[in-house]
Protein chains: 4
Amino acid sequence: MNKFRFLTAGESHGKCLTAIIEGVPAGFEIKEDFINSELKRRQGGYGRGGRMKIESDTVEITSGIRFGKTLGSPITLVIQNKDYENWQKIMSTDPKDFTEEKAFSKFRPGHADFAGSVKYNQIDLRNILERSSARKTAIEVAVGALAKQILEQFNIKCDSRIIQIGQGKTEEEFKKEIDKAKEAGDTLGGKFEIVYKNLPIGLGSFVHWDRMLDGKIAQAVMSIPAVKSVSIGNEFAYCMFGSEFHDQMYLENGKVTRKTNNAGGLEGGMTNGEPLVVTAVMKPIPTLRKPLNTVDKSIMQESKAHFERSDTCAVEACMVVAENRIACILADEFLMKFGGDSLTEIKNRV
Amino acid sequence: MNKFRFLTAGESHGKCLTAIIEGVPAGFEIKEDFINSELKRRQGGYGRGGRMKIESDTVEITSGIRFGKTLGSPITLVIQNKDYENWQKIMSTDPKDFTEEKAFSKFRPGHADFAGSVKYNQIDLRNILERSSARKTAIEVAVGALAKQILEQFNIKCDSRIIQIGQGKTEEEFKKEIDKAKEAGDTLGGKFEIVYKNLPIGLGSFVHWDRMLDGKIAQAVMSIPAVKSVSIGNEFAYCMFGSEFHDQMYLENGKVTRKTNNAGGLEGGMTNGEPLVVTAVMKPIPTLRKPLNTVDKSIMQESKAHFERSDTCAVEACMVVAENRIACILADEFLMKFGGDSLTEIKNRV
Amino acid sequence: MNKFRFLTAGESHGKCLTAIIEGVPAGFEIKEDFINSELKRRQGGYGRGGRMKIESDTVEITSGIRFGKTLGSPITLVIQNKDYENWQKIMSTDPKDFTEEKAFSKFRPGHADFAGSVKYNQIDLRNILERSSARKTAIEVAVGALAKQILEQFNIKCDSRIIQIGQGKTEEEFKKEIDKAKEAGDTLGGKFEIVYKNLPIGLGSFVHWDRMLDGKIAQAVMSIPAVKSVSIGNEFAYCMFGSEFHDQMYLENGKVTRKTNNAGGLEGGMTNGEPLVVTAVMKPIPTLRKPLNTVDKSIMQESKAHFERSDTCAVEACMVVAENRIACILADEFLMKFGGDSLTEIKNRV
Amino acid sequence: MNKFRFLTAGESHGKCLTAIIEGVPAGFEIKEDFINSELKRRQGGYGRGGRMKIESDTVEITSGIRFGKTLGSPITLVIQNKDYENWQKIMSTDPKDFTEEKAFSKFRPGHADFAGSVKYNQIDLRNILERSSARKTAIEVAVGALAKQILEQFNIKCDSRIIQIGQGKTEEEFKKEIDKAKEAGDTLGGKFEIVYKNLPIGLGSFVHWDRMLDGKIAQAVMSIPAVKSVSIGNEFAYCMFGSEFHDQMYLENGKVTRKTNNAGGLEGGMTNGEPLVVTAVMKPIPTLRKPLNTVDKSIMQESKAHFERSDTCAVEACMVVAENRIACILADEFLMKFGGDSLTEIKNRV
């Protein structure tokens, strides 16, 4: 990412989550309300546990925007952690506050605990959990919700839907599956689809592997905690003939059209004027009430995994995160293609 | 990619393909023979057409290596195009050689032709085809074959296998499917799996989205022309319970072990000591002998797509490319984790 | 910058300045007190105006550090703007608060006002001033003060001194020059020198232009507002013979030594074991009480430049900023050379 | 550098120098002749030694350009080393060719030899010399000569002149100084100035330190081997009053004008419409016929430095390199500001 670049920070129970976004041109209207509505969507969905109620995330903008419009300077977004007061000592930066309260040593399979404790040389696994937690996706959604508002200026829109949860394939079945899992102290993942419409032709490029838009989108989605698979277009490509799969072209009123979109809107790593279609698979949440077998690092004995308050299913949240991650990639590509330092200048070029 | 960074260049029928790799420490033994054997693997597989015989790619190293060892300076790899003499005029850099021979204007669905011609403002679609061609993956394999030799020094090894081609699920069936497609002037894609073993624990990181190793691998594989889906670990995650999916941990001789590897060797965006397992789906090749409906750009009329010499199935080639792309990512992560400017220095640290 | 990467944000009269630093390994002790002492140094020096007293910057760490040590996760630093309450409406993010209070339209020569208003399409020059102000160097100092603490762990230390202010070449003369300028409503720049000692041999590299350490340092220092010249080593190189300039080598107790350091500690873009010596020139502060001729953008007429509370001389502040900017570059190079994810791991390698 | 990115490779006596440039939009006319004329300028100047006659560099373009115009794909530039046949065995990539012919172990002060041999763990200092040699600037000039042709399309032009060599301040004196040094087996550096005209207002930015154009230029110039000092605008800023230094603004025919250009065309890290003026200092060449005291690494005894064929003075060459390095930075900024994938598209925006 070259123009729309950003860093995020923040621990799950730390004081706040923060993001700085650098490279947004001047003059874009940014609405906190929209960011907050995306944050709310991320917290929703059937199958969420207790924390979601505590949180009710809202964003504060502390730089880069004046009187509702971007200045061209870096934008800071902050989401306060609502229950920080209960964690203030436990998450303190001050060495004098050192405590082993809430420390734990029983690896949770499927989480960063094991590899993280080896990598960062940590005994207390909380030092891994705090940043590896999916909590950090809240601030990523905030960043993406800003990117979406950039895209919105050019009428680029996003839709999404859950395709499957467990064995369920309809909304009614989703709930049943989740109820079943919840009762069993178990968890579920699922599959979802995201569609972006009205993208200009020619975002991305085939000229170098790291400019292929499909690759960038795959990275953005696969790097969401718990995503294990990403597809662009028809994921059954592997068992179709070329003559079935490829989206033939026709002329309609002097414009190239297609009757299918198996390519999912990308050919040669570029948008081709058709809707961009991305599907992804989320694994079941790895923190289970019915705990998994594991090893206790402190005593090096077999044990049951640490349990931290958790959800049964978060596919909807994951889908919202993916939408917003993709928005960041698209905003970057868009800004690179059109250049320009202000909305006015860009609008003249589009 | 921070330490193992590279650029590649070259048109399909241009004089040569070139890569420059910057950031390899000094003292690594690099064997041209191994690079050539990977290039040969890329050219093989059942279902390849005529060009593969012409080519027989071999690499030449023109910088960065002396007496068989890396110097620490940028390494240049060159693959000459064997039939360049037949294309010398057509692909000339000289404006005086301008010709419309081999020019074409009928978009090939599934290729970069349409979006590319819009993006780069080209009338002759050869100006798009030449770089968007899968030919460029040859030099990417050469770069990856160098990365593999870096990994090999630390006993990191790669395996791979084709899982499915068309409807076929065994080698025998693969051939039948390909024969059937070939006869029909059609093409096929497929699905394959790549496994890397002996990776140290803790490559990648959860601390920031763009350091997650799963995301980087997804980008590297999805940016290969024709790849439409990438999965890490068990791709059926979406319909399993958490208690089934997550790889429980046990102690064996004082070491953490697992009985399953549904995570595919990555937890929290980091290698966890288990084999890294990546699967990917390749779409059917978009250049068909039995041509698809399309539009002729020059006359803006419906037409049949341009046909350029092509293969029926290139899943094996795609798999070789993916292996080598992943090697680049892993070499980069490895060199970042251990730092060091010479092999000796790194060996002392591993 | 590859490992120690960061973004900063914040307007001069906005709510706060923020930085996120990504890539610091786990286990480093970070002291807020040290960061605050560097912030204080930046606010000091003879010739500073009123604002410095208002500010008295202090840093708050809101992520990435627990019980005094880095976690390996991104670190957030925040400096509140002390007089924000007086600017809350003027710098509001809310469009309903729109006001022209404190707006201005008279370009200040030497500032970003003119080019910035063209680039970002702004009428109110406050929209340029707020980010182009040297105020933002406060948070850069905080980032650098963190980098210094990383270097400190390996006994790498920094010294600095002012060489010249106006015509003055001693501390006593500095004050006289400044008093003279102040009285005249004028401003002064100067020249300073920074020395880093105990750097390991071989930071940076000659193998590619963008890995040359001298280039990276030059960028870091030249990008400080008001710096117009950067030198490494003896800046009179241009009028010396090679036999005078180059630092000959001798053996002393089996170790290579030198009697001179005209190279300033860098040969071939790498540290060579001698102290790193950087000098830089700061131009006079461009906001003058005795205002310069300029143009009023709103009425397009000649005018006198806008005056915003300012200092007479800030060479000492600039020197502190430069020290800390260089620390960021050196920390990055150090972490790249040694790799590693925790202090323990790195200490084993150094 | 975001759009105009490149890697270079090649040893001083290797087969060839190579560069790959990625990110140039389609449709730019590129003339090999112009690149060759810049290569010739780099080889000229009073005080050059014998090698320059051997070389007579010419570029070959092997990708990215067809019929004289850029395709949008990566561009490969190659400069063959003319006397490679004499070095073929000595610089062979094949371990079977191993030889100690032309190996050396006596550090040359002022060169990369000492730090390089420590960093890359090399005994034969040729393994350092070959890449640290200024020979690599030939291919950098070729890259810059391509960048200059991009800028030329928008009427952006470059001038330069030598200011000082040794004590000499006029062309006549330059020659005398060089003759004197040559006779003494000594070497000389000097000072030069580069001016770019007709740059659009607003290249670069103040919003983040790494987007300041002055910083980027400083890096590009300071990373040229032998450059020790870089200034932008009037380098005597440190001893002037603000009222003297800053370039006051006036109105002339409704346009903002200035009578001075002490800022050197950059305010707030951005081009301000005035000519960009950069001065730099080159140190004396470190390879002397009258050799310096040093240490012999192989026997760890004091010795006289290795002598490799060399020049007396190469300030003119260095100036040509600097011009072309700066061109790369400016082309990148220009392409970022205007975006666009083809010359036609960009021309519509400028």
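The numbers here are math on the coordinates, done by the rules we state, and not lab data. Everything quoted here is computed from the prediction, not taken from an experiment. Positions of Cβ are backbone-derived with ideal geometry, glycine not excepted, and every protein chain shown enters the neighbour counts.
Some observations on this one:
- In this structure, the amide hydrogen of C:Asn81, modeled 1.01 Å from its nitrogen in the peptide plane, lies closer than 5 angstrom to those of C:Cys16, C:Leu17, counting only residues at least 5 positions away or on a different chain.
- Hits among aspartates and glutamates - C-alpha to C-alpha of C:Lys347 under 14 Å, sequence gap 8 or more where chains match: C:Glu29, C:Glu152
- Anisotropy class of segment A:66-167 from Cα gyration tensor, a/c 1.5 cut: oblate
- Of D:Glu29, D:Glu333, D:Glu183, the one that fluctuates the most in a GNM where chain D has Cα springs shorter than 10 Å: D:Glu183
- For the rotation that carries chain A onto chain D, the axis lies closest to a Cβ at A:Gly339, 1, where the number is the distance in whole Å.
- Relative contact order for chain A: 24 percent, from Cα pairs under 8 Å spaced at least 6 residues apart, divided by residue count.
- Whether chain A is rounded, prolate or oblate, judged on the alpha carbon gyration tensor where a/c under 1.5 counts as rounded: oblate
- Residue-averaged 222 nm ellipticity for chain B, from DSSP H runs of 4+ at -39500 (n - 2.57), nearest 500: -9000 deg cm²/dmol
- Comparing D:Glu85, D:Glu101, D:Glu235 in a Gaussian network model of chain D, where Cα atoms under 10 Å apart are tied by springs, the biggest mean-square fluctuation is seen for D:Glu101.
- Each residue of segment D:288-294 was assigned a 3J(HN,Hα) from its phi angle through the Karplus curve 6.51 cos²θ - 1.76 cosθ + 1.60 (θ = phi - 60°); the sequence is 10, 5, 8, x, 8, 5, 7 Hz, with glycine and proline shown as x.
- Distances in nm from A:Lys31 to the matching label points in the other copies, shortest first (labels 7 Å along Cα to Cβ): 5.0, 5.5, 6.4
- Restraint check, C:Lys69/C:Lys148; A:Lys216/B:Lys169; B:Lys3/C:Lys228; A:Lys102/A:Lys290, Cα-Cα greater than 25 Å: A:Lys216/B:Lys169; B:Lys3/C:Lys228
- For segment A:213-350, the Cβ-based charge dipole about the Cα centre amounts to some 340 debye (Lys, Arg positive; Asp, Glu negative; other atoms uncharged).
- Applied to segment B:124-129, the Karplus parametrisation 6.51 cos²θ - 1.76 cosθ + 1.60 on θ = phi - 60° returns per-residue 3J(HN,Hα) values of 6, 5, 4, 5, 9, 3 Hz, with x for Gly and Pro.
- Lysines with Cα under 16 Å of C:Lys136, excluding same-chain neighbours fewer than 8 positions away: C:Lys15, C:Lys40, C:Lys82
- Partner aspartates and glutamates whose Cα lies under 16 Å from the Cα of A:Lys89, excluding those fewer than 8 positions away in the same chain, are identified as A:Glu11, A:Asp97, A:Glu100, A:Glu101, A:Asp124, A:Glu130, C:Glu60.
- Shape of segment C:213-265, Cα gyration tensor, a/c cut at 1.5: oblate
- Approximating the spin labels as points 7 Å out from Cα along Cα→Cβ, the C:Glu60-to-D:Gln167 distance works out to 6.3 nm.
- Shielding by partners - mean other protein chain Cβ count within 10 Å, residues of C:269-280: 3
- Restricting segment D:218-308 to trypsin sites (Lys or Arg not before Pro) that sit in a DSSP loop and have at most 12 other Cβ atoms within 10 Å of their own Cβ leaves D:Lys259.
- Backbone HN-Hα couplings from phi across segment C:220-237 [Karplus 6.51/-1.76/1.60, Hz, Gly and Pro as x]: 4, 7, 5, 7, 6, x, 5, 7, 10, 7, 9, 10, 10, x, 5, 6, 8, 3
- Summary of packing: across the peptides B:62-75, D:147-160, the per-residue average of other C-beta atoms within 10 Å ranks them, highest first, as B:62-75, D:147-160.
- Residue by residue along A:323-332, Cβ atoms of other protein chains within 10 Å of the local Cβ number 0 on average.
- For C:306-316, mean number of other protein chain Cβ atoms within 10 Å: 0
- Under the simplified labelling scheme, the B:Asp94-D:Leu251 pair shows an inter-label distance of 5.8 nm, with each label point 7 Å from Cα along Cα→Cβ.
- Nearest-first distances (nm) between copies at A:Lys96, label 7 Å from Cα via Cβ: 4.3, 7.3, 8.3
- Here the label points at D:Lys40 and B:Asp159, each 7 Å from Cα along the C-beta direction, are separated by 6.2 nm in the simple model.
- Copy-to-copy label distances for D:Lys180, where each label lies 7 Å from Cα along Cα-to-Cβ, are 3.4, 8.9, 9.4 nm in order of increasing length.
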